[in-house]
2 protein chains.
Amino acid sequence: MKADLLNALRAAVGPAQVLTRDTHDLEAYERDWRQRAHGRALAVVRPGSTDEVAAVVRACAAHGASLVPQGGNTGLVVGSVPDDSGTQVVLSLQRLNAVRAIDRANLTMTVEAGCVLQAVQQAAEAEGLLFPLSLAAEGSCTIGGNLATNAGGTQVLRYGNARELCLGLEVVTPEGEVWHGLSGLRKDNTGYDLRDLFVGSEGTLGIITAATLKLFPQPAATLTAWASVPSLQAAVDLLGLAQQRLAAGLTGFEVMGQFALSLVARHMPQLRVPLWQDTPYCVLLENSDSEGEDHARAQFEGLLEAAMEQGLVSDAVVAESIAQAHALWHIRESIPLAQAQEGLNIKHDISIPVSRIPAFCDEADALLQREIPGVRLVNFGHLGDGNLHYNVQAPAGADAKYFLQTQESRVNQLVFDTVARYHGSISAEHGVGSLKAGHLPHFKDPVALALMRRIKAALDPHNRFNPGRVLTP
Amino acid sequence: MKADLLNALRAAVGPAQVLTRDTHDLEAYERDWRQRAHGRALAVVRPGSTDEVAAVVRACAAHGASLVPQGGNTGLVVGSVPDDSGTQVVLSLQRLNAVRAIDRANLTMTVEAGCVLQAVQQAAEAEGLLFPLSLAAEGSCTIGGNLATNAGGTQVLRYGNARELCLGLEVVTPEGEVWHGLSGLRKDNTGYDLRDLFVGSEGTLGIITAATLKLFPQPAATLTAWASVPSLQAAVDLLGLAQQRLAAGLTGFEVMGQFALSLVARHMPQLRVPLWQDTPYCVLLENSDSEGEDHARAQFEGLLEAAMEQGLVSDAVVAESIAQAHALWHIRESIPLAQAQEGLNIKHDISIPVSRIPAFCDEADALLQREIPGVRLVNFGHLGDGNLHYNVQAPAGADAKYFLQTQESRVNQLVFDTVARYHGSISAEHGVGSLKAGHLPHFKDPVALALMRRIKAALDPHNRFNPGRVLTP
């Protein structure tokens with residue numbers, strides 16, 4: 001039985017592209033990015049074309065095997081590694097990595113699922129255009145994975161999530177059929193929105209093999225500023241002022257709490273974090289301008305002066321060079337690593353309506369401090385999108401491993417319950433995977449969950465595509 | 001049986017809100033906007049709350065009746081009037097017209113489905129904010145209908161279709177349950193994208209009762225320009241230049257063929273159409289600026305000078321006042337009426353990748369002229385979105401009624417086949433309804449159509465919600 005399936009897979013993609021543990025080290029395919037899960041695959045198959053993906057799916061269907069699609073395997077919710085049964089087939093999309101077409105006048109590009117995000121960005125840039133999706137894993141995550149998880153990142157404020165950057169898809173269904181839905185159209189109302197159903201479904205409804213993406217003109221200049229703000233409310237008010245004055249020029253608005261920045265200052269002193277010592281929060285702003293650097297700088301200075309007059313900003317620096325701008329972003333992006341160097345911690349990826357973030361943080365901070373004295377909160381994230389990585393570090397000096405073992409589910413419960421009271425989401429940009437599938441029944445509207453189950457049953461009645469992800473059995 | 005259902009409906013919404021032909025003139029509910037279809041309802045029910053909508057749905061389910069949801073009944077594809085069986089219940093959302101909340105700092109508003117689009121725009125404006133969806137029927141269409149059909153309009157280029165302006169929904173399912181999916185979150189990855197499945201499903205999967213919408217800061221100044229261009233290719237090139245120089249400031253880019261403008265000039269001479277006589281196409285551009293009128297004007301003049309140097313524009317005017325800007329838009333919006341005054345005609349609502357529009361029009365123009373000598377093409381639309389209303393008028397002097405009777409399906413076939421060769425859509429922004437449901441099997445990917453049928457069967461297994469729309473039986 002197992003041998004029959006392996007033979008069918010070899011017939012589908014060629015023997016060299018069916019990797020088994022007898023002949024290959026499968027570690028990189030079986031272990032998740034954060035090393036929280038380690039599965040055991042029957043095989044890893046690496047199709048080289050959409051038709052080969054379809055053939056693999058049909059082979060698995062014929063032999064009753066389930067499939068786990070995998071791109072760069074950089075997800076944070078355990079969604080792309082096999083379970084430990086040794087029966088699942090990992091379908092790696094990495095060999096489907098062609099840029100099929102770029103249409104400059106239509107501002108679109110068509111790429112295969114296995115293209116690394118950075119390669120997609122660079123292919124656009126080579127044509128003088130911008131593909132704006134940007135996130136920490138961009139050097140190794142793939143665009144197929146970005147779409148399957150509806151990735152977010154730092155430019156969502158202006159350009160939207162992966163969902164909003166996608167115009168069309170090519171998808172292999174659980175029957176092994178191909179939906180040819182690649183489209184460069186910005187308006188198409190000929191039926192149900194299958195595109196957005198597959199985007200964000202984490203490989204449980206179909207396997208994305210290619211996508212047509214939106215491109216944008218490159219801005220003439222991009223400037224970065226760093227400001228200290230007297231409170232989280234001031235940060236929210238500054239966001240409103242920046243949206244009014246810069247409009248779509250505002251392409252980044254990140255917030256960082258003092259303790260988060262102190263970890264960078266402690267573990268990476270060479271980065272020289274500015275303005276953090278006398279303020280509860282700092283904010284990083286990015287202004288992308290279609291006219292040029294002088295205009296961008298004048299706009300930024302006008303904004304920051306007005307914000308200072310209104311008491312929203314206590315001090316600020318505007319980067320004088322691209323190197324300085326990169327250095328400021330690098331500080332923001334180093335928070336997770338500085339946190340890891342401080343010790344194991346509990347990560348969250350929540351969103352709250354922007355207007356309610358100050359009240360949410362007041363309440364959640366006080367609750368956690370009361371319930372777990374000495375707990376340290378590493379609060380940072382994409383304030384422009386209402387998305388916080390509201391992470392929790394063990395009390396200073398405590399055994400972090402023991403803290404996680406004993407407190408993680410309690411901390412999650414406290415944070416998630418508070419998020420629910422503020423009408424927020426327990427997964428803003430990372431998705432559900434296995435890690436949060438068990439939480440959905442408590443935090444998702446029951447009618448929504450029932451509709452999701454019906455859709456899954458209608459499209460994948462034998463539960464062969466990434467079973468156990470998003471929806472628990 | 002019929003009396004039992006009527007009694008159940010009266011119990012659900014109160015006797016005064018169940019209209020039957022015995023006591024009321026139902027004409028306005030039974031006849032479609034373009035007067036192409038005239039159905040016959042069992043009753044029109046007008047629930048006043050979401051719970052009443054759910055009660056109506058349950059009453060219909062218990063009695064095996066099907067439902068036709070209706071907002072402003074301004075759709076163009078026969079999607080919101082009953083069939084002629086006399087057994088369907090028209091569910092009018094017009095009484096659900098409250099603005100439930102506006103959250104300034106979160107840039108969102110929550111409104112009920114029956115709010116007229118213009119009332120939504122005005123409620124945003126009263127808070128100094130912008131709800132950008134804008135289309136010809138805005139004085140009578142409802143936001144629920146806009147979302148159910150994923151309406152487009154003139155600002156899609158910058159702000160997207162109705163879909164992209166919606167963050168959350170409240171929906172009554174075919175079982176009469178309520179999905180409480182109103183959300184002011186810009187990032188939420190906790191499962192399948194039900195929102196976008198209901199948006200654009202034309203009332204066949206669920207009844208939208210309320211929505212949370214995105215708002216934007218009002219621009220500081222909005223300027224309008226009108227340019228004559230030497231060719232459609234020049235219009236496409238001008239679009240690219242405008243996107244690069246104005247970036248997101250470019251909020252409108254409409255194209256109008258010479259014959260379309262000649263009809264306005266002939267039937268509405270008081271509107272004084274500029275620059276149309278010596279050019280094949282004119283273009284209307286809108287620039288929305290966050291700084292102010294001087295900056296907007298300098299930007300516009302810079303763009304138009306560069307375009308003239310490159311030979312993309314032969315002549316241009318920039319509106320000097322808001323009244324002038326309105327007058328220019330009014331000319332553009334008067335094309336359909338001028339066309340109607342010229343006589344009956346065949347309307348299309350197609351989209352094509354922007355880069356291929358000049359070649360498409362060359363081919364379609366030549367094909368139609370060859371097949372139907374003397375036919376007159378009224379070509380205009382939202383070029384920035386690749387969306388043309390490529391309409392067809394009978395030859396001069398011909399009997400237009402007879403022309404439609406004998407030529408409409410042939411003209412549709414010629415145009416749709418050409419659209420398909422250019423990878424376009426036969427319905428860009430108007431939807432499918434009854435009018436185009438029969439065309440989908442010929443122009444939609446068969447795998448997509450099969451997936452749509454499965455989703456319909458999973459969510460509405462008894463085919464009670466707007467049967468025959470989108471999908472043929």
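Points worth noting:
- Residue A:326, sole failed condition from (1) open to solvent by 60 Å² or more (accessible area, probe 1.4 Å); (2) in contact with a helix residue (DSSP H, G or I) (Cβ under 8 Å, 6 or more places away or on another chain); (3) modelled with pLDDT of 95 or more: (2)
- Residue selected from region B:299-314 under the condition farther than 14 Å from residue B:250 by Cα and more than 30 Å from the chain's Cα centre (by Cα), by the criterion surrounded by the most Cβ atoms within 10 Å (Cβ to Cβ): B:307
- Residues in region A:341-367 that are touching a Phe, Trp or Tyr at 6+ places or on another chain (Cβ under 9 Å), at the interface with chain B (Cβ under 10 Å from one of its Cβ atoms) and open to solvent by less than 30 Å² (accessible area, probe 1.4 Å): A:349, A:350, A:352, A:353, A:357.
- Counting the residues of region B:421-442 that are under 30 Å from residue A:452 (Cβ atoms) and facing another protein chain (nearest Cβ under 7 Å) gives 8.
- Sole exception among (1) within 14 Å of chain A (Cβ to nearest Cβ); (2) open to solvent by 10 Å² or more (accessible area, probe 1.4 Å); (3) touching a residue at least 24 places away in the same chain (Cβ under 8 Å) for residue B:398, by number: (1)
- Selected residue [within 25 Å of the chain's Cα centre (by Cα) and at pLDDT 95 or above] from B:255, B:229: B:255
- Residue under evaluation residue B:418, criteria (1) in contact (Cβ under 8 Å) with a residue 24 or more places away in the chain; (2) in contact with a helix residue (DSSP H, G or I) (Cβ under 7 Å, 6 or more places away or on another chain); (3) within 14 Å of chain A (Cβ to nearest Cβ); (4) surrounded by 18 or more Cβ atoms within 10 Å (Cβ to Cβ), criterion not met: (3)
- Among the candidates B:151, B:119, B:221, residue that is over 25 Å from residue B:242 (Cβ atoms), modelled with pLDDT of 95 or more and among the hydrophobic types (A, V, I, L, M, F, W, C): B:119
- Looking only at region A:368-390, and only at residues there that are farther than 20 Å from residue A:238 by Cβ, assigned to a loop (DSSP other than H, G, I, E, B) and not hydrophobic (A, V, I, L, M, F, W, C), the one that is most open to solvent (accessible area, probe 1.4 Å): A:373
- Residue match in region B:34-57 (condition: in a loop (DSSP other than H, G, I, E, B), surrounded by 18 or more Cβ atoms within 10 Å (Cβ to Cβ) and at pLDDT below 95): yes
- When region A:387-413 is filtered for residues that are over 23 Å from the mean Cα position of the chain (by Cα) and closer than 12 Å to residue A:368 by Cα, the ones remaining, listed by number, are A:394, A:395, A:407, A:410.
- Criterion (of a type in the set (Val, Ile, Thr) and within 11 Å of chain B (Cβ to nearest Cβ)) met by exactly one of A:411, A:447: A:447
- Of the residues making up region A:317-342, those that are closer than 19 Å to residue A:255 by Cβ and of a type in the set (Gly, Ala, Ser) are A:319, A:325, A:327, A:334, A:338.
- The helices (runs of 4 or more DSSP H) found entirely in region B:171-287 that carry 1 or more residues being open to solvent by 30 Å² or more (accessible area, probe 1.4 Å) and within 14 Å of chain A (Cβ to nearest Cβ) are B:194-198, B:232-246.
- Meets criteria (out of contact with any Ser or Thr (no Cβ under 8 Å at 6 or more places or on another chain) and either open to solvent by 10 Å² or more (accessible area, probe 1.4 Å) or within 14 Å of another protein chain (Cβ to nearest Cβ) (or both)) for residue B:19: yes
- Those residues of region A:450-471 which are open to solvent by less than 40 Å² (accessible area, probe 1.4 Å) and either among the acidic types (Asp, Glu) or in contact (Cβ under 8 Å) with a residue 12 or more places away in the chain (or both), in sequence order: A:452, A:455, A:456, A:459, A:460, A:465, A:466, A:467, A:468, A:469, A:470, A:471
- Within region A:341-367, tally of residues that are among the charged types (D, E, K, R) and assigned to a loop (DSSP other than H, G, I, E, B): 2
- One residue stands out in region A:68-112 among those that are within 14 Å of chain B (Cβ to nearest Cβ), part of a loop (DSSP other than H, G, I, E, B) and within 30 Å of residue B:157 (Cβ to Cβ): the one that is most open to solvent (accessible area, probe 1.4 Å), namely A:104.
- Tally, over region B:93-143, of residues that are touching a residue at least 40 places away in the same chain (Cβ under 8 Å), of a type in the set (Gly, Ala, Ser) and in contact with a Leu (Cβ under 9 Å, 6 or more places away or on another chain): 5
- Residues of region B:242-295 satisfying the condition of being of a type in the set (Phe, Trp, Tyr) and under 20 Å from residue B:337 (Cα atoms): B:259, B:276, B:281
- As for region B:411-428, it holds no residue that is under 28 Å from residue B:58 (Cα atoms) and of a type in the set (Gly, Ala, Ser).
- Some residue of region B:459-468 being modelled with pLDDT of 95 or more, under 30 Å from residue B:91 (Cβ atoms) and facing another protein chain (nearest Cβ under 10 Å): yes
The values are calculated or read from the model by the stated rules, or taken from the named source; none is laboratory data. Computed from a predicted model, the values in this text were never measured in an experiment. Ideal geometry is used to build each Cβ from the backbone, glycine not excepted, and the neighbour counts take in all protein chains shown. Ligands, DNA and RNA are excluded from the accessible area calculation, which covers all protein heavy atoms including side chains. Shrake-Rupley method; radii C 1.70, N 1.55, O 1.52, S 1.80 Å.
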